[in-house]
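Each reported figure results from applying straightforward, stated rules to the coordinates on display, with no laboratory input. What you see is a predicted model, and the numbers here were worked out from it, not measured in a lab.
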Amino acid sequence: MLANFWNIVLDCLSLFLYYNLFICMSASIITLLTDFGESDGFVGTMKGVIYGINPDVKIVDISHDIEPQNTSEAAFVLRNSYRYFPDGTIHVIVVDPGVGSVRRILCVSANNQYFVAPDTGVLKYIYHECDDVLVVNVSNRKYFLSFVSQTFHGRDIFSPVAAHLSRGVDMRELGEAITDYERGQIPELSEKANVIEGEVVHIDRFGNLISNIPFNKLENRDKLRVRVKNLTIDSLANSYAQVKTRRPVALIGSSGFLEVAYNLGNAKEELNCAIGEKIAVIFDD
């Protein structure tokens with residue numbers, strides 16, 4: 001009788017450990033990156049769908065203030081964010097100008113993380129910077145909501161797919177692996193003897209002009225000038241506050257790229273700059 005009692009205790013303990021192991025494995029992090037803003041309830045609805053499938057998941061908002069339909073801005077924000085999340089994180093990107101059209105929805109595995117996004121090149125930095133990328137065309141309607149609208153795939157496809165992934169569904173069950181996905185274009189640098197020319201690839205909410213010139217191109221080069229439009233800055237600073245208020249400054253920003261800013265000002269407005277504006281670094285040594 002005592003032996004039966006301990007067998008029951010051991011069985012209950014095993015079930016308890018199995019349940020907790022399952023919950024730990026299925027509970028993951030899902031991030032959301034959209035151009036939905038906060039006024040229409042779209043983001044909250046997506047979260048409701050996710051929690052309905054996996055109430056134990058954690059949801060993190062990266063941003064919902066991406067300029068509408070601006071996949072390049074979304075790509076850059078994602079590039080600077082995803083690497084700070086733990087392995088197994090699922091990133092949902094809904095900046096989707098082609099919603100309802102024949103464009104595909106993808107699930108991508110790269111750098112031990114997952115990305116659910118439209119096939120628009122919004123994952124271009126992931127494709128160019130990560131090894132061992134696996135891309136699946138999401139087509140298995142088993143993992144969609146029962147009703148799929150033509151205008152809100154974020155709710156009807158992206159969210160439930162991410163939620164099922166967070167519960168341990170193998171991404172290969174979502175559809176067929178493909179290789180003809182849209183890789184997107186990364187702006188290239190022009191490098192000559194004493195000049196590197198890049199361009200503005202992102203403008204943040206402070207009006208700072210962030211280029212595609214990485215810090216390692218400027219290492220150990222003390223004598224240099226940064227030129228954008230009719231402005232020339234004679235050296236790199238270590239912080240915005242190193243120059244006087246409303247004065248221009250060039251420095252390596254948190255993304256690891258050269259940026260031009262105005263201390264307590266707005267470089268975009270001061271220089272009338274837009275994405276694609278050329279930025280050059282001239283070396284004098």
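Worth pointing out:
- Rg/Rh, computed from the Cα trace of the chain with Rh as the Kirkwood radius, has the value 1.10.
- Among the listed pairs Lys217/Lys278; Lys192/Lys278; Lys124/Lys268, those whose Cα-Cα separation exceeds 22 Å are Lys124/Lys268.
- A straight Cα-to-Cα reach below 16 Å connects Lys47 with the aspartates and glutamates Asp35, Glu38, Asp56, Asp61, Asp156, residues fewer than 8 places away in its own chain not being considered.
- The value of relative contact order for the chain, using C-alpha pairs under 8 Å at least six residues apart, is 15 percent.
- Using the rule -39500 (n - 2.57) for each DSSP H run of four or more residues, divided by the residues of the chain, the 222 nm mean residue ellipticity is -7000 deg cm²/dmol.
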